[in-house]
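*Asks:* Would you mind keeping the following structure in view while I ask a few things?
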Amino acid sequence: MTNARPTPRAILIDMDGVLYHGDQPLPDAGAFLEWVANRPHVFVTNNPIRRPPDIADRLARMGLRRPDPSRILTSAQATARWLARSRPGFRFFAVGAPGLHAELRETGHEDPAAADFVVVGEGPGLDYEQLTIGINLILERGARLVATNPDVTVDAVRDGRRLALPGGGALVAPFAAATGVTPTIIGKPEPLLYEMAIERLGYPVRACLMIGDRPDTDIAGAERIGMWTALVRTGRFPPGAAWPGGLPTPDWDVPNLTALMAVLESVFPDPTG
Ligand SMILES: [Mg+2]
């Protein structure tokens with residue numbers, strides 16, 4: 001730690017692989033949610049499929065403390081906000097789960113005939129016709145291609161078995177290939193989702209800590225914009241795995257949330273005394 005750097009005061013928390021896998025909470029997630037409840041925090045997820053109240057309900061169904069939905073920021077929300085800032089009253093054509101469409105309709109208008117933006121998120125539904133509409137909006141009308149998140153796969157559990165589903169990065173690829181344009185990506189490791197979460201927290205970026213399970217997204221992206229970083233090895237990156245070459249190492253590298261709470265106790269003292 002350098003003296004010039006402010007100590008972390010607020011926490012951003014990735015969800016999948018940190019708090020749960022599929023519908024299964026990680027063993028120390030309950031204690032962690034209690035620990036973090038009285039400290040400045042926001043949950044950030046690249047997953048655009050569920051809206052914050054649904055995510056909060058999902059945690060409650062797992063037997064965990066239900067977070068206030070206002071403390072959850074999804075890549076779909078960040079996308080909607082970014083589009084509204086780029087072009088107030090924007091028109092969009094979206095491919096992805098109903099939750100993404102609902103989020104975009106909060107600030108924009110769905111208009112497959114004259115969209116300003118082709119927005120690609122996760123979820124079922126991408127077909128030949130949608131690809132055709134999106135490609136022509138980009139090529140003929142100059143619509144901008146936007147992806148909620150860059151993940152090429154997403155971990156899921158189906159019939160009790162782990163399964164990889166196509167992620168936003170995979171689903172946006174055919175649009176990019178057909179048009180030759182580079183998509184604007186909102187989710188981690190790009191800065192926009194972090195920046196909106198930090199704005200919501202109201203702390204300087206260098207006083208914010210990102211907790212995540214992926215070196216290439218959670219940690220690399222947070223490090224790039226000057227945040228503190230903590231990796232928990234309960235998700236994509238297991239204990240014992242060698243650090244991937246070329247990626248910044250986190251400030252804390254711990255096996256699980258219990259170990260993380262132990263090291264952070266002195267950094268974030270109990271605000272209730
Ligand atoms: Mg994760």
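*Asks:* Condition first: touching a strand residue (DSSP E or B) at 6+ places or on another chain (Cβ under 8 Å) and under 14 Å from R65 (Cα atoms). Now tell me which residues in region 1-23 satisfy that.
*Replies:* Correct list: M15, L19.
*Asks:* Identify the residue in region 219-238 that is farther than 22 Å from H21 by Cβ and either open to solvent by 10 Å² or more (accessible area, probe 1.4 Å) or not assigned by TED's automatic domain parsing to the domain that holds A259 (or both) and, among all such residues, is farthest from the chain's Cα centre (by Cα).
*Replies:* If we filter region 219-238 for residues that are farther than 22 Å from H21 by Cβ, which is where we start, we get 223-228.
From what's left, either open to solvent by 10 Å² or more (accessible area, probe 1.4 Å) or not assigned by TED's automatic domain parsing to the domain that holds A259 (or both): 223-226.
On the way: E223: 15, R224: 16, I225: 15, G226: 18 Å.
Filtering first and then ranking leaves G226.
*Asks:* When K188 is evaluated against the numbered criteria (1) assigned to a loop (DSSP other than H, G, I, E, B); (2) modelled with pLDDT under 95, which criterion, by number, is the only one it fails?
*Replies:* The single condition K188 does not satisfy is (2).
*Asks:* I need a count of the residues in region 214-252 that are assigned to a loop (DSSP other than H, G, I, E, B) and either hydrophobic (A, V, I, L, M, F, W, C) or within 15 Å of the ligand (Cβ to nearest atom) (or both).
*Replies:* Our first condition is that a residue be assigned to a loop (DSSP other than H, G, I, E, B); within region 214-252, this holds for 214, 225-227, 233-251.
When the remaining residues are screened for being either hydrophobic (A, V, I, L, M, F, W, C) or within 15 Å of the ligand (Cβ to nearest atom) (or both), the result is 214, 225, 227, 233-238, 241-243, 247, 250.
The number of residues fulfilling the criteria is 14.
*Asks:* Could you list, in sequence order, all residues of region 57-88 that are touching a Lys or Arg at 6+ places or on another chain (Cβ under 7 Å) and more than 30 Å from F117 (Cβ to Cβ)?
*Replies:* Within region 57-88, L59, A60 meet the criteria.
*Asks:* Which condition number in (1) among the aliphatic types (A, V, I, L, M); (2) out of contact with any Pro (no Cβ under 9 Å at 6 or more places or on another chain); (3) under 26 Å from H41 (Cα atoms); (4) assigned to a helix (DSSP H, G or I) is the one that I211 fails?
*Replies:* (4)
*Asks:* Going by the structure shown, is G22 at pLDDT below 95, within 16 Å of the ligand (Cβ to nearest atom) and more than 15 Å from the chain's Cα centre (by Cα)? Write out each step before concluding.
*Replies:* On the way: at pLDDT below 95: yes; within 16 Å of the ligand (Cβ to nearest atom): yes; more than 15 Å from the chain's Cα centre (by Cα): yes.
When the stated conditions are applied, G22 passes them.
*Asks:* Moving to a separate point now. Quick test of your reading of the structure: P124 fulfils all but one of (1) surrounded by 14 or more Cβ atoms within 10 Å (Cβ to Cβ); (2) in contact (Cβ under 8 Å) with a residue 12 or more places away in the chain; (3) within 20 Å of the chain's Cα centre (by Cα). Name the failing condition by number.
*Replies:* Unmet condition: (1).
*Asks:* Check off (1) surrounded by 14 or more Cβ atoms within 10 Å (Cβ to Cβ); (2) over 16 Å from the mean Cα position of the chain (by Cα); (3) not charged (D, E, K, R) for Y194 and give me the number that stays unchecked.
*Replies:* Checking Y194 against (1) surrounded by 14 or more Cβ atoms within 10 Å (Cβ to Cβ); (2) over 16 Å from the mean Cα position of the chain (by Cα); (3) not charged (D, E, K, R), the one that fails is (2).
*Asks:* Can you go through P40, P69 and tell me which one is touching a strand residue (DSSP E or B) at 6+ places or on another chain (Cβ under 7 Å) and away from the ligand (no atom under 16 Å from the Cβ)? It would help to see each step written out before you state the result.
*Replies:* Working: P69 fails: touching a strand residue (DSSP E or B) at 6+ places or on another chain (Cβ under 7 Å).
The unique qualifying residue is P40.
*Asks:* Any residue that is open to solvent by less than 50 Å² (accessible area, probe 1.4 Å) and part of a helix (DSSP H, G or I) - is there at least one of those in region 146-167?
*Replies:* Here is the first cut: in region 146-167, the ones open to solvent by less than 50 Å² (accessible area, probe 1.4 Å) are 146-151, 154, 156, 167.
Next, only the ones that are part of a helix (DSSP H, G or I) stay: none.
No.
*Asks:* Now for a separate question. Do you know which residues across region 15-70 are assigned by TED's automatic domain parsing to the domain that holds N256, part of a helix (DSSP H, G or I) and open to solvent by 10 Å² or more (accessible area, probe 1.4 Å)?
*Replies:* Of everything in region 15-70, those that are assigned by TED's automatic domain parsing to the domain that holds N256, part of a helix (DSSP H, G or I) and open to solvent by 10 Å² or more (accessible area, probe 1.4 Å) turn out to be G30, A31, E34, W35, A37.
*Asks:* Which count do you get for residues in region 249-266 that are surrounded by fewer than 14 Cβ atoms within 10 Å (Cβ to Cβ) and touching a strand residue (DSSP E or B) at 6+ places or on another chain (Cβ under 8 Å)? Give the derivation first.
*Replies:* The initial filter retains those residues of region 249-266 that are surrounded by fewer than 14 Cβ atoms within 10 Å (Cβ to Cβ), namely 249, 262-263, 265-266.
Adding the requirement that they be touching a strand residue (DSSP E or B) at 6+ places or on another chain (Cβ under 8 Å) leaves 263.
So the answer is 1.
The values are calculated or read from the model by the stated rules, or taken from the named source; none is laboratory data. Source: prediction; values computed, not measured. Every residue, glycine as well, gets a Cβ built from its backbone with ideal geometry; the counts of neighbours run over all protein chains shown. Each accessible area value is taken on the protein alone, full model and side chains, heavy atoms only, with ligands, DNA and RNA left out. Shrake-Rupley method; radii C 1.70, N 1.55, O 1.52, S 1.80 Å.
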